[in-house]
Amino acid sequence: MTTSIPRKITLTAPAMSVIADEARASTDGTETGGILLGTMEPDAIIVRHAGRPGPRAIRRPDFFQRDLQHARSFADQAFALDHSIWIGEWHTHLHASPRPSTRDLVTYQTLLSDPELAFDYFVAIILADNTNDWHTPQLTAWIVAPTHVCAILTHRTPGGEAKEQMTITRSGGCDRTSEGDPRQASDDGFARTLSEWTQLVPGQC
């Protein structure tokens, strides 16, 4: 049975505040990010907490790896507080659009295929800022399932103090591309990345 993909992602004010604050660290020329914790509701994904990279995180211009021990400790605290669980990750892109890279997709596929984690889908929030000041970065959200990727097409800028929660709604179907799809011509790089990752199944979001 195909798992229904929620149409909305809601980021609470505390989660937005952490993402907006921590993203500014990318002014040093390296990526940053953290885990996302919250709940999967039937019609929406609620991101209640966003983690920071942690002191042992690996941050490079084209690569980010969170501090696993820091992430686990943060997840334990969040679960004790409100039963939030690990639902995804967020990170910045320096010299690319806020779309999952080939490396990102391989990572998400690995997590989705791990039976112990039991993910039905994985939330990815990616930020990019061509100006490199990181005060008003472009944010996109993605729902990654084992066979396809759904894009939340509305781009939002988590600028200012980010004190209000943000709800992003998927207005259409999946942002999907399969082998031979003519839409590859409009965004060939992304389409090729998805096709290399897996054979996508259209129309299941």
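Some observations on this one:
- Charge dipole (Cα centre; +1 on Lys/Arg Cβ, -1 on Asp/Glu Cβ; no other charges) of region 8-174 amounts to roughly 180 debye.
- Extension gain for I85 to A25 (0.36 nm times residue separation, less C-alpha to C-alpha distance): 19.0 nm.
- Gyration tensor (alpha-carbon) shape descriptor, region 8-174, a/c threshold 1.5: rounded
- Taking 0.36 nm per residue of separation and subtracting the Cα-Cα distance, full extension of the segment from M40 to H135 would add 31.3 nm.
Every read-out reported here was derived from the displayed coordinates using simple, explicitly stated rules and does not represent laboratory data. Here the structure is a predicted model, which is why all the values come from computation and not from measurement. Reconstructed Cβ throughout: ideal geometry from the backbone, glycine too, with neighbour counts over all protein chains shown.
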